[in-house]
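Single-structure report; data block below.
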Amino acid sequence: MAVKERVGLVISNKMQKTVVVAVENRSPHPKYGKIVVKTKHYKAHDEENKCQEGDRVRIQETRPLSKTKRWNVIEILTSEPE
């Protein structure tokens, strides 16, 4: 079984050791062909609180860490300059 990974944008880092990552899924509409953008939010574990809002991160599925948190931040791909 392959491990699920997603790449998304950090939209909130207001919690301790947790970030909210927005992952966009672009796919054509089945009938009309127009590209439809669907956004899903994932809560991900950020152990060192390194992620800032606007960072592009890679997250990986893991065991349940809390009621809503099932993802782990693997790496920060691009960081927002401060």
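The values are calculated or read from the model by the stated rules, or taken from the named source; none is laboratory data. As the structure is a computational prediction, the values presented were derived from the model and not from experiment. As a convention, Cβ positions derive from the backbone with ideal geometry for all residues, glycine included, and neighbour counts pool all protein chains shown.
Of all residues in segment 1-58, those being in contact (Cβ under 8 Å) with a residue 60 or more places away in the chain and of a type in the set (Val, Ile, Thr) number 1. Applying the criterion of at least 1 residues that are of a type in the set (Phe, Trp, Tyr) and out of contact with any helix residue (DSSP H, G or I) (no Cβ under 7 Å at 6 or more places or on another chain) to the strands (runs of 3 or more DSSP E) found wholly in the chain leaves 35-45, 71-78.
Would you mind stating whether GLU5 is at negative phi, modelled with pLDDT under 95, loosely packed, with under 14 Cβ neighbours inside 10 Å and not aliphatic (A, V, I, L, M)? If you could, list the steps in order and put the result at the bottom.
Numbers: at negative phi: yes; modelled with pLDDT under 95: no; loosely packed, with under 14 Cβ neighbours inside 10 Å: yes; not aliphatic (A, V, I, L, M): yes.
Answer is no for this residue.
Taken over segment 42-82, the criterion of being of a type in the set (S, T, N, Q) and farther than 26 Å from ALA2 by Cβ is satisfied by ASN49, GLN52, SER79.
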